[in-house]
Each structure stands twice: as structure tokens, then as C-alpha cells.
1. So, in the stretch 568-604, of the ones that are in a helix (DSSP H, G or I) and over 26 Å from the mean Cα position of the chain (by Cα), which residue ends up surrounded by the fewest Cβ atoms within 10 Å (Cβ to Cβ)?
2. Taking the stretch 751-771 as the search range and keeping residues that are assigned to a helix (DSSP H, G or I) and open to solvent by 60 Å² or more (accessible area, probe 1.4 Å), which one is farthest from A443 (Cα to Cα)?
3. Restricting the search to the stretch 775-792, which residues are at pLDDT 90 or above and assigned to a loop (DSSP other than H, G, I, E, B)?
4. Give the residues of the stretch 496-512 that are crowded, with 20+ Cβ neighbours inside 10 Å and not in a strand (DSSP E or B), sorted by residue number.
5. Do we find that S473 is on the phi < 0 side of the Ramachandran plot and open to solvent by less than 20 Å² (accessible area, probe 1.4 Å) in this structure?
6. How many residues does the stretch 442-460 hold that are outside any strand (DSSP E or B) and under 15 Å from the mean Cα position of the chain (by Cα)?
7. Tell me whether the stretch 658-680 contains one or more residues that are basic (K, R), within 22 Å of C20 (Cα to Cα), open to solvent by 20 Å² or more (accessible area, probe 1.4 Å) and under 22 Å from the mean Cα position of the chain (by Cα).
8. Of all strands (runs of 3 or more DSSP E) completely enclosed by the stretch 632-736, which ones contain at least 1 residues that are at pLDDT 90 or above and acidic (D, E)?
Amino acid sequence: MSIHFTLGKVPSTGELKDECGLPFACIVQPFARSKYAIDDRPVELQASKVPRCIECYAYINRYCQMDQLGWSCSLCGAYTEFTDEQRPRYRRDNWQQLPELRSELLEVECDPYESSSDSDSESEDEGRTTVVRGPPEAVPVYLALVDLCCEEEALELIRSALQAALEALPAAARFGLVTFSHRVGLWEVGPSGGPGKATVRYVRLSEEGDAPSAVELQDALPLESLLAPVGACKDAIVAAVEGLISEPFLGGTGGEPQELHGGRAFGGAIQAVLRYLAGALQSGRLSSVGETAATSPTATASGTSLAYAGARLMAFLMGPPNLGRGKSFHRGPRRRRGGDGAADTSASIIMDPMMSDLNPYTFSMPAVPLPALNADNSDPGEIAIDPEAREFYEEAAAAAAAMAVCIDLYVVSEAGCGLSAIEPLTVSTGGLLFLYPTPQQAALPQDIYRRLGAQQARGGLLRLRTSRGYRVSNALGNIFPDEQFDVLFHVVAADPTDSFAFELEYTSAAGILTDASDGTVPSMQMAFKYSVVVPSGEGAANGSSAGDGSRAPQRWVLKRRMRVLTVMVPLATSVREVLDSCDADAVLAVLVHKLVGAAAADGAAEGHALLHDWLSILTAQYNRCILGLSPEAAPHQADVAFEAVEALQGLPRAVYGLLRSPLLVRRAGQHADGSTAARLLWCKLPPADLRLAVYPLLSSYTSPDAQAYPSHSLAEAALSTSGAPIFMLDSFTSVLVYYTAAAVSPDSGLPFPPPQGSLLRTAVAASRTGRRMTPTLTMLRGGVDNDRLFLDCLIEEPDRILIEAGAQAGHGFVKFLQSIQQEVQGLLKE
């Protein structure tokens with residue numbers, strides 16, 4: 001859990017903030033591994049027992065002033081008396097031992113039976129009797145939805161990925177395999193299918209009508225038969241995965257429509273699977289999935305039902321959906337929903353009778369421009385993304401979020417799939433999008449293993465409370481505000497690396513206030529409630545055995561927890577103090593969110609203008625306030641490199657990197673969905689990772705075992721002036737190792753590729769571990785291989801295509817700084 005302010009020292013007043021020209025915001029990671037001291041396990045204290053302020057409902061923390069009878073809130077200054085129940089715990093001689101008073105971070109247990117919609121407000125904990133109940137038993141549920149419309153090479157990649165997924169899952173998890181093409185295949189791999197055997201039942205998907213399939217999937221195969229325990233049925237699941245066969249596009253036979261005999265009905269498959277889960281959830285069948293005497297000797301003896309803890313859906317897509325509901329592209333005039341008697345091919349999910357009472361948070365998805373993409377090298381004017389497809393996937397995603405289904409989308413396709421229409425499936429459910437242009441470039445098994453191996457917070461509620469004088473004004477990122485309570489946000493799902501941005505504003509001209517008399521200090525408190533499924537410590541964990549002598553499957557329980565982080569907010573009283581404390585990485589994260597919003601609302605040109613104008617204003621304020629540059633100064637006298645303030649020196653290149661990024665620029669050879677994939681990835685990355693993605697790190701080596709320089713500018717001059725023969729470029733999603741022509745010469749004595757165990761290889765390995773998406777690795781030799789891939793990453797060089805498009809950044813970094821100088825001169829004269 002962490003909070004990164006854009007400014008290490010916050011301007012004490014709004015007037016001072018405006019003078020500085022920097023955004024006043026913070027980046028939070030509610031589920032991150034914290035830098036603050038915290039025990040491995042939550043404190044044995046119920047959240048309802050933690051004292052809360054009588055006025056602002058903040059939680060007691062280490063910055064509060066205390067006495068024997070009560071405490072003064074560090075945020076608002078209100079005095080709250082301890083209750084009779086609290087007074088023994090908060091004796092003066094006990095203060096130093098209490099974790100809520102000793103550390104900035106506190107993690108406690110909550111009532112696991114509380115509704116996930118309970119707010120972090122006064123009504124949640126105050127004035128009610130707490131009934132202590134043990135955590136309910138739960139089971140992790142995983143579904144794989146596999147696209148069979150692909151070549152054998154791609155299908156083999158999926159087989160490897162699913163086997164890696166099985167290795168990452170606990171033995172008690174329930175796993176279901178569903179395949180799709182123009183039909184859905186339900187794979188039964190549980191005990192009823194026979195030991196080591198797998199059977200499949202096919203259901204045809206419908207193109208029109210209320211139901212997505214000819215029969216309900218539940219009627220074809222009960223969900224409890226589809227979901228098999230990984231530990232007991234692993235061999236059968238592997239056999240089913242190995243038995244997957246691609247289904248090429250076939251022509252129709254007999255009197256049936258030809259289109260229905262071949263195609264990728266991804267939308268219909270998603271809708272059918274969600275109805276599958278919804279029907280079981282509403283009928284209560286999901287509470288006992290996979291729990292039979294054959295798979296769990298303790299199931300009947302315990303007599304306890306399993307709590308539904310949500311599900312994770314891994315969707316594998318090998319090309320654009322081109323059949324039935326949710327087709328990504330349309331050719332010619334699009335059919336309008338309900339108009340001219342035309343068929344409505346995007347049947348509603350939310351209005352589906354089976355899901356009538358499912359209603360997630362009534363948030364609205366931000367509008368995203370739907371560019372015309374070329375799916376099959378035809379005229380872009382003939383094939384374009386169908387806006388109705390996005391509406392369909394928005395409704396599907398809302399239904400999934402209501403059922404706590406997190407959808408991860410793994411796309412392996414050289415052609416555009418229309419991901420700007422499909423993206424709500426991941427955005428609204430807390431999932432991730434992984435895009436691989438070719439099977440050869442895909443580290444899919446590694447990515448899925450890392451993804452499923454990481455703990456995930458579900459059903460999160462996040463609130464930011466601030467001390468007097470400022471407040472949260474806006475939330476940025478995949479986080480959704482509650483309609484009833486202010487500054488309360490829903491987080492459908494979160495991983496340790498997920499980040500969210502919040503803009504802050506001043507509430508009065510006096511600015512942020514401190515009052516030693518009532519104990520208030522400038523601070524912020526973040527409270528995050530979430531659910532997580534964890535081992536109970538029983539069964540296999542304690543070494544218990546089943547009747548046949550084998551180890552019994554480990555039991556899992558659903559727990560509700562709360563993290564509370566309270567941090568001080570240091571104040572600055574001068575422009576110099578503010579600028580010196582700038583966190584350039586956090587500022588970049590805010591700029592990315594603002595850029596995405598501006599480009600979505602008004603187009604890429606508006607995004608260009610936003611970034612260019614912001615940097616010009618910041619530079620002008622710096623020259624005016626720090627250097628004292630007068631309006632009469634010549635343009636070349638303006639300092640655009642921020643030489644006097646080290647904390648700002650990375651910002652010009654960060655802005656320039658954004659102007660040259662796939663968020664605003666589509667280059668020749670770029671994947672049609674590359675912009676969408678980059679946008680979804682960048683909006684979730686923590687600040688340090690985002691910096692690497694926007695402006696890659698170029699380092700040099702004199703040999704595979706000796707580094708020359710840790711960083712260079714991304715310009716061709718770096719290759720010649722450094723004198724180094726080997727370069728490594730890390731752009732977060734790819735790693736390039738480049739040997740110059742001189743290094744390739746036999747006289748150089750430099751081995752290619754670099755030997756295992758060398759310093760360079762170690763650096764490459766380090767860059768490819770710990771990231772949510774494994775970077776591709778490419779090794780090139782100058783004069784031997786096509787080194788265009790490496791040279792195109794040197795973004796400080798001019799780009800002819802961008803120049804022709806009228807982009808100022810296309811002229812190169814030097815010209816870009818000159819244009820900033822010219823604008824600064826004009827701003828100084830205003």
C-alpha cells in the first residue's frame with residue numbers, strides 16, 4: 001500500500017500551487033507491498049473495533065494526540081472519547097505496543113459476511129453489535145475460454161499457457177475449460193467423466209434472439225460438473241488441454257446458413273458463459289461446485305456450504321470476433337439497434353431476464369474514439385469498428401463485474417481485433433489485456449503463471465480522507481465512484497502493481513491549515529477494504545490425511561480485510577521548495593491519464609496540444625520564478641532543460657516521449673491494436689514502470705561483463721560518442737541488445753550472443769522478471785541483421801512520417817526544445 005504525491009512538499013496555498021505550474025495530485029497503490037513496516041499477517045483486531053473520529057470518521061493513527069480518555073483526530077481536530085470497551089486497550093502504558101499507533105500502516109480483519117457494497121462510512125461500524133463469526137469456506141474458481149479458430153502453432157501456445165496456469169493454481173481451486181468457435185465446447189474432466197478422461201459437449205451459438213446459445217449451457221452440462229478440483233483432476237485436465245483441436249472456418253452444409261459453420265463468435269461465447277455463471281449463482285448451485293465425496297472426503301461431514309468468492313475468466317482470442325454478437329468490425333453502413341426493423345445482433349446482457357437483478361455500480365465507461373482499423377488489409381473505409389460492439393461488451397463487462405468475475409484477455413493475432421471495442425471486458429472487471437502480435441513473440445505461459453500466482457484483492461472499497469484545506473477533486477484510472485458516498489470508490493479487482501490517480505484541490509484561499517491547538521497536521525489517510533481467498537491452515541496445511549492415506553485437499557476461506565495508511569503531507573512556502581520536491585514519475589502518471597482523457601474526448605491533436613502547452617507553461621513559470629528571466633530576454637536565454645532544478649530535468653523527455661508514443665502516433669508496421677494495448681497497460685502501471693515504458697532506458701557495455709554507461713539519451717549520437725560496442729535498450733515490454741558493426745567484427749573478440757552468466761545477460765534477465773508482461777528479447781548485430789528495430793527506438797531523432805503529419809515532435813528532440821523556447825518567450829511577455 002503506498003501513496004506517491006506529485007510533490008514531495010505540497011504548496012501551502014492554491015496561489016503558490018498556480019505559480020509552480022505542477023499538478024497537485026497523488027498516485028495510490030492500495031494493494032502494493034508496502035515500504036512501511038507491517039506484519040506478515042493482519043493484526044488480530046476487527047476493523048469495527050478500531051476507533052474512528054466522531055466528525056470525519058477517520059481511523060485513529062500514529063499522528064493523533066491522545067490522553068487517557070480520548071484522542072484528537074489528526075485530520076480534522078475533533079476530540080473523540082474512548083468507549084468503555086476501547087479504554088483498556090488504549091491505556092497510556094500500552095500506546096507504544098499498539099500497531100495502529102506505532103506504524104503508518106495498519107491491516108486488520110473485517111466481518112467477512114458484510115456486503116461488498118458496505119461503505120467506509122459512519123454507518124458501517126458505529127452503533128452496531130459485532131457478532132464474531134469465522135470466515136466462510138470458499139473455493140477459488142477459474143475458467144478458461146479458448147478460441148479454437150487458429151493455427152496449430154497458436155493452439156500449442158495456448159496448451160502451454162494452460163498447463164502453466166495449472167501449475168500456478170492451488171490444488172483446491174476449481175478449473176473449467178470452455179472452447180469456442182461458432183459453437184461452445186464444455187469439457188467435463190471431473191470424476192464423473194472417469195479417471196484421466198475428458199468428455200466434451202458442444203452447444204451451438206445463436207446469432208440472433210434473446211439467448212446466446214441454442215440451449216442453456218447449464219442444461220447441457222451443470223456447472224458443478226464443468227468445474228473440477230485441480231489437485232484431484234489435474235491429469236484429466238491436462239489430457240483435455242492436450243486434446244484441443246483447432247476448428248478452421250468451414251463452409252456450410254445442407255440447408256444451414258454457411259456463416260454459422262465457421263467463425264469466431266467471441267461475444268456470444270462470453271454472454272453464454274456469463275449466463276452460465278449467473279444461473280448457478282442465483283440458484284445457489286455455485287456454493288457446492290466440485291465438492292463431492294469423491295473429491296473431498298470432508299465435504300459431507302462438514303456440512304458447510306462454500307461461499308462464492310467470484311471467478312477469474314481467462315479469455316484467449318486468436319483473431320477478430322467475426323460472427324454473431326459482438327462482432328468487432330462491420331462492412332458498409334452499420335445496422336442500427338432497433339431501427340428500420342433491422343436485426344439487433346448485440347442482445348443486451350443487463351436486460352437479459354436471467355440477470356435482471358444483477359446491477360453493478362452504475363458507473364459509465366469513458367468514451368474512447370473508435371478508429372477505423374484494417375482487419376484484413378482491405379480498404380479502411382470499408383471495414384471499421386462497429387460501435388454497437390462496444391455497447392455489447394460494456395454490458396457484458398457490467399454483468400461480469402456484478403458477479404465478481406475478473407476477465408483477463410490474452411490476444412495472439414497479427415491482425416487488428418478491434419480491441420478498442422472489446423476493452424471494457426478488462427477495464428470494468430479489473431482484468432488485464434495481453435497483446436502478442438505473433439506466437440513466436442509471446443511469453444504467454446510465463447505471463448499467465450505470474451498473473452495467476454499473484455494474490456488479487458477483490459470487491460475493493462477505497463476512500464481517501466484529507467486534512468483541512470484540501471480534498472480529492474477527481475479520480476483517474478479504472479476506479480469507479482460510489483453514487484451515495486463522496487470520495488468512496490469501487491475497485492473491482494486489484495493486483496500489487498495496480499495504481500490509480502487522484503487530482504487534489506484546495507478548499508479555501510487560506511490553503512492547507514495546521515492548528516497545533518487541536519492536534520491537526522497536514523495529512524492524508526487511505527482506507528482500503530477488500531476480499532481475498534486464502535488457505536485456512538487446515539487440511540493439507542496441517543498434514544491431515546484422507547481415508548486412503550493421501551493428503552487431504554487444503555481448505556480455503558474468504559476473508560475481508562482493511563488496510564489503513566496515514567501519511568504526513570509536508571508543506572512548502574516557496575516556489576523553489578515545491579519545484580525541488582517534484583516527483584517526475586508521479587507527474588508523468590498524471591499526465592498519461594490526462595492525455596488519455598483529452599485524446600478520447602477531442603482527438604489526438606488535442607492531446608498533442610495539451611502536453612505541449614503544459615510543458616511550455618511550466619517552463620515559463622520556472623524561468624520567471626527561479627531564474628528571474630524578464631519579458632525582454634531573448635528566446636535562447638530561456639532554460640528549457642531545468643538546469644537549476646534537478647527534480648524537473650526528466651520532464652521534457654517524458655513529455656516528448658508521450659508525444660512520440662503509441663497513444664498519439666500510429667507508425668508504419670505498428671499493430672492495429674497497439675495503441676489500445678499501450679493505453680490500458682500504461683494507465684495501470686506504477687510510476688517507475690511507466691517512466692520506462694514512455695522513455696526507454698538505453699545503457700552501454702564495453703564487453704558483456706563490463707558496463708560503460710548506465711544511461712544515454714535516445715539519439716544516434718549516443719552510439720558514436722560513447723565509443724561503446726554494445727547497447728541494451730529496455731522499453732518495459734521489450735528488451736533489445738544491439739552489437740554495433742565494430743563489435744561484430746572478428747577482431748573485436750566480443751562473443752555474440754552474450755554468454756550466460758555475464759553482466760549483460762544478468763541485466764537482461766533482471767529486466768524480464770517481476771513485470772506483469774514479460775518483455776520480448778531481441779538481439780541484433782549491426783551490418784548483419786536488420787537494425788531498423790533498434791534505430792526506430794531512438795526517438796530523439798527526426799521522424800519523416802511525423803513531420804509530414806504536422807507533429808512538432810516529429811522534428812526531433814532538439815527542435816522540440818527550440819519550439820518550447822519560442823513559446824516560453826511569448827508566455828513571459830504576457
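1. In this case the residue turns out to be R576.
2. Residue satisfying both the conditions and the ranking: L759.
3. Result: P775, single match.
4. D498, S499, G511, I512
5. Criteria not met by S473.
6. 8
7. no
8. 726-730
The values are calculated or read from the model by the stated rules, or taken from the named source; none is laboratory data. Keep in mind the model is a prediction, meaning the values are calculated, not measured. Virtual Cβ from ideal backbone geometry, glycine too; neighbours counted across all protein chains shown. Heads up: the accessible areas ignore ligands, DNA and RNA and are worked out on the full protein's heavy atoms, side chains in. Shrake-Rupley method; radii C 1.70, N 1.55, O 1.52, S 1.80 Å.
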